[in-house]
Amino acid sequence: MKDFMILRLLDKFQKIFLAIEVDYPIMRRILQVKLTMDTRRVSTFMSQSNTKKENNEKNYFISSLWLYILIGLFLIPLLFISEDYIFAMSTIFGIFMFMIMTSLISDFSSVLLDVKDKNIMMTRPVNSRTMNTAKAIHIFLYLFYLSISLAGGVLITSLIRFGVLFFLLFLVEIVLMNFLIITLTAMLYTIILKYFDGEKLKDVINYVQIGLSLVITVGFQLVARLFNFVDLSIVFVPRWWQFLIPPVWFGGPFQLLLRGDLNISYIIFSLLTLMIPILAIITYIRLMPSFEKNLLKLNENSEKKTKPKKNPNIISRIVCTSREELIFYRFASSMLKKEREFKLKVYPSLGFAFIFPYIFLMNQLQMQSIQELPSGNGFLNLYFSAIIIPSILIMIKYSGNYRGAWIYKALPIDNVKPIFTGTIKAFVIHLVLPVLSINSIIFILIFGVRIIPHLLAIYLNFVLLTLITFFMLDKNLPFSMSFNDINKESGKTIFLMIVGGIMALVHYLSTLIPFGLLVYIIILFIINIITWKKTFNLSWEQIQWN
Amino acid sequence: MEMNSKSILSISNLKMKFGDNEVLKGINLEVGKGDIIGYIGPNGAGKSTTIKILLGLLEGFTGEVKIFGESIVNQISYKKRIGYVPESSDIYDNLSAQEYLTFIGELYGLEHDQVNKKAKSLMKILGIEDVYESRISSFSKGMKQKVLIISSLLHNPDILFWDEPLSGLDANSVIVVKEILSTLSLRGKTIFYSSHIMEVVEKISNRILLISDGLILADGSFEQLRDKSEGSLEEIFNQLTGFNEHQSLASDFVDIIETGDSI
């Protein structure tokens, strides 16, 4: 096992640990094991790029830190835009808190929520203080790396621009912020575990992971544009609700101590900045034992009273034509909605599909005035959602539980067709249509009801693109392969994106001809029907097994 | 009492509550050196709870628990002489068997090289030395169980607490582990294990404890239990726990399979 540099650094403080009755050699060993295991965990971002090699012994967490450094660099301009510290610093702390807390939840939950620790270590002659100190140092290291990566750039810039005092104050506040984050995270877990069970908590963590991946990618798209919209001459006016938002407090001390601004709000902000995190961390340490007790619920799955859904079958009965198809439709629906690993890979992309049209719409706004927008062709931006379809549909053959795919072989299924039609229908209804429909409603609000016929063409194109994508991709059974074997089939995906673009182009051209749109819709409708018929004419021989 | 002076483990009037649910309702037990005790009972009877209390994993019990003649409350040094196989098979499976076993050995205060050698030899005897350096996450259930068993023995403990030690093991391995248990007991180790496999309990225990609903229902050798009621241990178990519906349950079950009607 590797002897980590950080452990050799800790060795220098051995005496301190011995003084507080920590068995140092044992603690060091526990940390070494924990750090080794960290190198074998895959962080949320890395799991997206998914080339997992078994023997690759680098710390995924450390190698994902460049992303945080990059995000941190994006924040530097904030130090230059406003004369008021409060605005810049509150924004910076807001982003820091969000990033650190979500990372903590998505990547470090397995450490915070480890129930094995107790069973493995406390049954051996290890005193609980030694174990808890090891755990605290482990969490501290994680937060330290994260904070330094994220804040490093801004910290150095602040030292140059505003001097040493600013820098020191900033540093102290970052520490206080981390206290607050630890406590808030623990509180979140405690509340969820108190009222729900471990499964619910895992769902929450899953959604935080999905949200984090989404925010990071979309964030990069937005940040650059954001500065175009921010009014640089913002004057900060304290309001009551700002007292409820911790990042705003953190701006207060800068204004109070460095600007000498004795506004009562800033004084209160400063007090809150200092006192709440310290009180929080003390409370957390005090309540640790009861937190641990709640953790025991983690592995419980309270016998769920899943409420029988009202009319669960209506949609499935409408869209499915045969019994077999219905069976696979239901199966695929449950997998799409419930499998966490699948959701983690797919839902962020779904989020992009949702957001893309607006990003391009905003681009258009730079050329066009907001008054002109509703009468134009801006609704065609909806097609930008479509370019995501291929990259999502490609995932449908993967699953974290791919081993369960033995059912396809073991069960007497003569016809392979309903497996795919059922799954594709579930895919369209549960993933494509919700995104498209919400965007349609928003676009109708922007562009008016006149775009409804256009939307019809767009819906038909989306379904058609799904079918073409399915037609082009390798035919593996749904949910039958491991995520470790992902083959992106990039060439095909890019081609399919171009197909999506052509659909949009033809749509645009059709609006230039009288009755063009009507003809386009009719043609699309016919093509859709033919494609449905042709695409799924598959036999077992055409299926690729892995 | 004379019994007490020789006793390795002594429990008196042990009670434990989880919320309103009283899991242990007064357990009394004296265990001497070299005993192999089979601890049996239906799910939820309190078997694992007892073992967890003995290992100091659970607090808030009432009554007295003494190991090696001393109360275990707030003690950790007695754990150096205990080997534990958890029912939940908790293990750090991102580590290799080598990393895990040396870590556990060092927690017991052994030297790294010494544990490493010992662990490797033990793996060899159980037929899994070729995966010594592989990650435990790639192991089958039986291989994992063997690693857990080895991890409980590295420090040559005087008492073993094994919760479901045989789960996942194949037939040959079960035979080996059974032999290991009797050999350990001959050499003066005390063994306390729980199992659902009655045939095994019947054959290798020299004392059987039957626990149900938080109380000890029967305590004695298999012969002594058989004096009380008839048949195999399985039948005695069913009688004492008042479970005699198995035949009607089974026929109901098959009826549903054949006709599809709920009863």
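Observations on the structure shown:
- Boolean, A:T466 is polar (S, T, N, Q) and over 30 Å from A:P374 (Cβ atoms): no
- Selection status of A:Y85, out of contact with any His (no Cβ under 8 Å at 6 or more places or on another chain), at pLDDT 85 or above, more than 10 Å from every other protein chain (Cβ to nearest Cβ) and over 18 Å from A:E292 (Cα atoms): no
- Lone qualifier among A:M503, A:M481 - being over 29 Å from the mean Cα position of the chain (by Cα), surrounded by 14 or more Cβ atoms within 10 Å (Cβ to Cβ) and closer than 25 Å to A:T423 by Cβ: A:M503
- For the stretch B:98-113, filtering for residues that are more than 10 Å from chain A (Cβ to nearest Cβ) and either touching a residue at least 60 places away in the same chain (Cβ under 8 Å) or under 14 Å from B:L153 (Cβ atoms) (or both) leaves 2.
- Just one residue in the set B:G109, B:G56, B:G38, B:G105 is in contact with a strand residue (DSSP E or B) (Cβ under 9 Å, 6 or more places away or on another chain) and either modelled with pLDDT under 85 or not polar (S, T, N, Q) (or both); that residue is B:G38.
- Note on the stretch B:187-221: among residues that are surrounded by fewer than 18 Cβ atoms within 10 Å (Cβ to Cβ) and of a type in the set (D, E), the one that is modelled with the lowest pLDDT is B:E199.
- Taken together, the residues in the stretch A:255-270 that are farther than 18 Å from A:R161 by Cβ and not in a loop (DSSP other than H, G, I, E, B) amount to 8.
- Residues considered: A:V115, A:V154. Of these, the only one that is buried (at least 21 other Cβ atoms within 10 Å of the Cβ) and either closer than 21 Å to A:M187 by Cβ or more than 9 Å from every other protein chain (Cβ to nearest Cβ) (or both) is A:V154.
- The number of residues in the stretch B:60-80 that are among the aliphatic types (A, V, I, L, M) and within 13 Å of chain A (Cβ to nearest Cβ) comes to 3.
Results for (1) buried (at least 20 other Cβ atoms within 10 Å of the Cβ); (2) away from every other protein chain (no Cβ under 14 Å), shown as yes or no for each residue.
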{"position": "A:M99", "(1), (2)": "yes, yes"}
{"position": "A:L104", "(1), (2)": "yes, yes"}
{"position": "A:R124", "(1), (2)": "yes, no"}
{"position": "A:R129", "(1), (2)": "no, no"}
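- When A:N439 is tested against (1) surrounded by fewer than 22 Cβ atoms within 10 Å (Cβ to Cβ); (2) more than 24 Å from A:K492 (Cα to Cα), only condition (1) is not met.
- Test: residue in the stretch A:502-520 that is in contact with a Gly (Cβ under 9 Å, 6 or more places away or on another chain) and either of a type outside the set (K, R) or in contact (Cβ under 8 Å) with a residue 12 or more places away in the chain (or both): yes
- Residues of the stretch A:440-454 that turn out to be free of Cβ contacts under 8 Å to residues at least 24 places away in the same chain and within 29 Å of the chain's Cα centre (by Cα), as a count: 4
- Some residue of the stretch A:53-69 being under 20 Å from the mean Cα position of the chain (by Cα), surrounded by 14 or more Cβ atoms within 10 Å (Cβ to Cβ), at negative phi and modelled with pLDDT of 85 or more: yes
- Residue match in the stretch A:493-505 (condition: modelled with pLDDT of 90 or more and among the hydroxyl-bearing types (S, T, Y)): no
- Criterion (assigned to a strand (DSSP E or B) and either under 17 Å from the mean Cα position of the chain (by Cα) or at negative phi (or both)) met by exactly one of B:L166, B:L210, B:L225, B:L184: B:L210
- Enumeration of residues in the stretch A:1-23 that are in contact (Cβ under 8 Å) with a residue 24 or more places away in the chain and aromatic (F, W, Y): A:F4, A:F17
- Test: residue in the stretch A:458-469 that is assigned by the TED database to the domain that holds A:F328 and over 26 Å from A:L518 (Cβ atoms): yes
- Filter result for the condition that a residue is surrounded by fewer than 19 Cβ atoms within 10 Å (Cβ to Cβ) and either among the β-branched types (V, I, T) or not in a helix (DSSP H, G or I) (or both), over A:I181, A:I174, A:I160: A:I160
- Looking across B:L184, B:L153, one residue alone is surrounded by fewer than 21 Cβ atoms within 10 Å (Cβ to Cβ), in contact (Cβ under 8 Å) with a residue 40 or more places away in the chain, in contact with a strand residue (DSSP E or B) (Cβ under 7 Å, 6 or more places away or on another chain) and hydrophobic (A, V, I, L, M, F, W, C). It is B:L153.
- Extreme residue, surrounded by the most Cβ atoms within 10 Å (Cβ to Cβ), among residues of the stretch B:68-104 that are part of a loop (DSSP other than H, G, I, E, B) and among the acidic types (D, E): B:D93
- Flag for A:L524 being under 20 Å from A:P453 (Cβ atoms), more than 37 Å from the chain's Cα centre (by Cα) and in contact (Cβ under 8 Å) with a residue 40 or more places away in the chain: no
- Filter pass, A:I139 being under 22 Å from A:I181 (Cβ atoms) and assigned to a helix (DSSP H, G or I): yes
- Residue count, the stretch A:84-125 (criterion: in contact with a Pro (Cβ under 8 Å, 6 or more places away or on another chain) and not in a helix (DSSP H, G or I)): 1
- Complete set of residues in the stretch B:128-142 that are free of Cβ contacts under 8 Å to residues at least 12 places away in the same chain and away from chain A (no Cβ under 14 Å): B:E129, B:D130
- Residues of the stretch A:403-450 that turn out to be farther than 17 Å from A:L393 by Cβ, assigned to a helix (DSSP H, G or I) and not hydrophobic (A, V, I, L, M, F, W, C), as a count: 10
The values are calculated or read from the model by the stated rules, or taken from the named source; none is laboratory data. Note that the coordinates shown come from a computational prediction; the quantities given were computed from them, not determined experimentally. Note that we place each Cβ from the backbone using ideal geometry, even for glycine, and neighbour counts take in every protein chain shown.
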